[in-house]
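Throughout, read-outs are computed from the coordinates displayed, never taken from laboratory work. It should be emphasised that the depicted structure is a prediction, and the values quoted were computed from it without experimental measurement. Please note: Cβ atoms are built from the backbone with ideal geometry, for glycine as well, and neighbour counts cover all protein chains shown.
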Amino acid sequence: MSCCRKILLNKSWWINSSSIRYAHTNDGTLPMKKLNITSYAPVQYRHEILSELGAIVTRCGGYVNDYNFFSDLAVSLQILGLRQPDSLTEFYQQLTLNMKTLRLDTQTIHILDNQSKSTDQYLLFILFQILFIDAKDDLRQNVPTVQN
């Protein structure tokens, strides 16, 4: 047995535990970096933006790992599977070309511009936050009472 840790499966099958973490990328040698993206959008386009963002992430080879809604004020998405420089450059271009109702924060634009020019290779963990303009912080819907 090699010096790598192995996991026993079904008494005769072994799997290298170091390859599990990067199984979705087929490239276990790249380090992982975190990237924060902050953006703003009108609340009435919330569903269209989330749908288009999911499609862009999928086209670029990534996937949305998790998401959290904060009433109708904001949503936070975790995006995995994108790689620098290949996927990040394409992701950034598609965000700017296809998402006219989504505005990126100026600091985010600066970071994405610099990262897109870099030739370093690494996997990305993206925390994508969308703050909704004109949100009312209340998703309750009043239902009239039913009388017998």
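Couple of notes before you dig in:
- Extended-chain gain in nm, criterion 0.36 nm per residue less alpha-carbon gap, residue 117 and residue 134: 2.7 nm
- For region 24-133, the dipole from Cβ point charges (+1 on Lys and Arg, -1 on Asp and Glu) about the Cα centre works out to 80 debye, to the nearest 20.
- For region 83-96, the Karplus equation 6.51 cos²θ - 1.76 cosθ + 1.60, evaluated at θ = phi - 60°, returns couplings of 10, 9, x, 4, 6, 5, 4, 5, 4, 5, 5, 5, 4, 6 Hz by residue, with Gly and Pro reported as x.
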